[in-house]
């Protein structure tokens, strides 16, 4: 059976993250829909942060009409990692037709799924939908650790001051709401937290690699 695997796909299961990264790079460069299923399967199990990011890039290189049904299916039925990775990829494709499915994950109990959903929801919000999305995102204020809260603040800020200022001012006694309002006037205020969050994500991936 392995003899029939596309040669580009052989490296996807390699023990070395660098080999897997090169395999995904080759697949994305070829941009052949024959590799779509293999990429989707790998997204659900890939432990390395950088390889996962390359997987998203490779998927965005394929025709959206072929990729979107697979991603939406993962969002609705996949494991937490499969769902968060699919949502991350949907945020890059930014097709408004996916917003309803994306929006259903905004309140997901898994923080990583929810964080990906917040970004994807903002990227896919249709015209006229920003206010309703803002209200739903505001309902998540105070959730999680600093990295999670920063993700939510950044998603809210991306909706624009006109949309979120009234929503946040109505919760003036909420420290997270106040911090988000500060980001509107000083986007750099969250930069250090963003760097710290990225470092933690990489560290988690390295830990998973070591255990594997």
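Taken together, the values in this text are just the output of simple stated rules run on the coordinates, not laboratory data. As the structure is a computational prediction, the values presented were derived from the model and not from experiment. Neighbour counts run over all protein chains shown; Cβ positions are idealised from the backbone, glycine included.
What's the angle, to the nearest 10 degrees (0 to 90), between helix 64-77's Cα axis and the longest principal axis of the chain? That works out to roughly 70 degrees.
Sorted by average packing, counted as other Cβ atoms within 10 angstrom per residue and highest first, what order do 55-64, 137-146 take?
Working: 55-64: 19.3, 137-146: 16.4.
Highest mean packing first, the order is 55-64, 137-146.
Restricting to Cα pairs below 8 Å that are 6+ residues apart, what does the relative contact order work out to for the chain? Please round to a whole percent. Before the final figure, lay out each step's value.
Details: 265 pairs, mean separation 30.9, N = 212.
Relative contact order, the chain: 15 percent.
Beyond 24 Å, what share of the Cα-Cα pairs of segment 35-132 is found? Please give it as a whole percent. Within segment 35-132, distances greater than 24 Å cover 13 percent of Cα pairs. Ordering of 11-21, 65-75 by packing is 65-75, 11-21, highest average first (other Cβ atoms within 10 Å, averaged per residue). Normalised by 2.2 N^0.38 Å, where N counts its residues, the alpha-carbon radius of gyration of the chain equals 1.08. I'd like the orientation of helix 146-159 relative to the chain: the angle between its Cα long axis and the longest Cα principal axis, in ° from 0 to 90, rounded to 10. It works out to around 80 degrees.
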